[in-house]
Number of protein chains: 2
Amino acid sequence: MARPSHVRDSVRHVLEEGERHDWSIEDLHAAVIAGGRAADFSSVFRAVMRLEGDGTIRRVNLGDGRLRFEASGLHHDHIRCESCGAVASLPECVLQRAESRVEQGTGFAITGHRLMFSGLCPNCR
Amino acid sequence: MARPSHVRDSVRHVLEEGERHDWSIEDLHAAVIAGGRAADFSSVFRAVMRLEGDGTIRRVNLGDGRLRFEASGLHHDHIRCESCGAVASLPECVLQRAESRVEQGTGFAITGHRLMFSGLCPNCR
DNA sequence: CGGCGTAATGCAAGTCGTTTGCAAAACTGG
DNA sequence: CCAGTTTTGCAAACGACTTGCATTACGCCG
């Protein structure tokens with residue numbers, strides 16, 4: 001019997017607003033609290049785990065050893081500015097072609113990928 | 001006045017042998033010890049940090065939150081079997097074309113990337 | 001409306017891998 | 001052989017993530 005969970009709702013809400021693709025659990029926790037609702041870090045953690053299980057949100061790998069998430073939806077990869085940390089997203093198509101080539105070359109059946117470019121954003125370069 | 005460092009040498013040696021692309025520090029520590037030489041975990045840790053700074057070895061992002069390394073040399077990305085954990089490497093060319101397209105599309109100056117495919121290896125599929 | 005059973009939460013403590021501080025040991029060049 | 005580094009080991013600190021447990025809050029059923 002699913003019961004209302006304001007923590008989970010808040011987290012989902014935060015994730016689904018805006019354009020960020022690099023929410024850490026701590027960020028989410030802060031955002032929820034900034035939104036006026038009390039919540040313990042562990043509750044946010046559990047909410048995130050659950051939403052990830054649901055498929056509502058997705059884990060993003062920034063390569064810093066830290067769990068980061070974004071709302072699900074269209075899949076795309078990211079590029080992050082080494083200087084200011086800005087994260088932008090890329091259209092998926094970058095790897096479309098590559099996957100089949102990799103499958104043929106390696107014999108693996110590909111189920112997914114994580115791609116992260118690093119560079120300098122227009123402002124920082 | 002660089003002085004001999006058997007720990008660093010052992011670590012480098014382990015990394016440069018064989019084909020592994022996913023050495024965790026713990027793995028390296030174990031390998032060094034298995035090779036018959038005593039070494040503390042922290043010494044291995046420092047050796048790894050230093051070799052990475054040197055550019056002798058490179059950090060590999062497997063997406064499990066864990067530091068992993070491989071010997072430098074030709075750059076290539078990896079594909080990992082979700083079932084047995086086997087890691088194979090890919091020829092760099094997969095992204096060659098993509099980078100310039102991304103640069104044009106985003107305005108970023110690309111300096112690097114981390115790409116990790118996941119899938120099922122020929123044995124497990 | 002008054003229990004019941006289960007889900008959600010907060011708090012505190014635990015884990016795990018990574019880092020550091022510090023003093024002892026090992027070299028190297030002079 | 002001495003002074004001045006480097007390297008090591010050991011133990012403790014850390015940061016981020018996880019869990020255990022008791023409490024609270026609902027939703028449902030009678």
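Every number here is computed from the coordinates shown, using simple stated rules; none is lab data. Note that the structure is a prediction, hence the values are computed from the model and not measured. We place every Cβ from the backbone using ideal geometry, glycine too, and count neighbours over all the protein chains shown.
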How many residues are more than 7 Å from chain A (Cβ to nearest Cβ) and more than 13 Å from A:Gly119 (Cβ to Cβ) if we restrict to region B:102-125? 2
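Taking region B:11-37 only, how many residues are in a helix (DSSP H, G or I) and either more than 15 Å from DNA strand C (Cβ to nearest atom) or away from chain A (no Cβ under 14 Å) (or both)?
Initial filter on region B:11-37 (in a helix (DSSP H, G or I)): B:11-16, B:25-34.
With either more than 15 Å from DNA strand C (Cβ to nearest atom) or away from chain A (no Cβ under 14 Å) (or both) added as a condition, the list becomes B:11-16, B:26-34.
The total comes to 15.
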Contacts under 8 angstrom Cβ, first residue in region B:21-46 being in contact (Cβ under 8 Å) with a residue 24 or more places away in the chain, partner in a loop (DSSP other than H, G, I, E, B), 6 or more apart: B:Asp22/B:Leu62; B:Ser24/B:Arg66; B:Ser24/B:Leu67; B:Ile25/B:Leu67; B:Val32/B:Ala39
Just to be sure before I move on: is B:Ser100 in a strand (DSSP E or B), over 18 Å from B:Ser24 (Cα atoms) and either under 20 Å from the mean Cα position of the chain (by Cα) or small (Gly, Ala, Ser) (or both) in the structure I sent? no
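If we keep just the residues of region B:38-64 that are outside any helix (DSSP H, G or I) and among the β-branched types (Val, Ile, Thr), which is surrounded by the most Cβ atoms within 10 Å (Cβ to Cβ)?
To start, the set of residues in region B:38-64 that are outside any helix (DSSP H, G or I) comprises B:38-40, B:55-64.
Subsequent filtering for residues that are among the β-branched types (Val, Ile, Thr) retains B:56-57, B:60.
Details: B:Thr56: 18, B:Ile57: 24, B:Val60: 21.
Going through the qualifying residues, I end up with B:Ile57.
Do we have A:Arg58 as basic (Lys, Arg) and more than 10 Å from DNA strand D (Cβ to nearest atom) here? Write out each step before concluding.
Values: basic (Lys, Arg): yes; more than 10 Å from DNA strand D (Cβ to nearest atom): yes.
Yes, satisfied.
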Filter region B:65-101 down to the residues that are closer than 23 Å to B:Gly53 by Cβ, loosely packed, with under 15 Cβ neighbours inside 10 Å and within 10 Å of chain A (Cβ to nearest Cβ) and list them by number. B:Gly65, B:Arg66
Out of (1) in contact with an Asp or Glu (Cβ under 8 Å, 6 or more places away or on another chain); (2) assigned to a helix (DSSP H, G or I), the odd one out for A:His76 is which? (2)
For the subset of region B:47-78 comprising residues that are within 14 Å of B:Arg8 (Cβ to Cβ) and free of Cβ contacts under 8 Å to residues at least 12 places away in the same chain, which member is nearest to DNA strand C (Cβ to nearest atom)? B:Met49
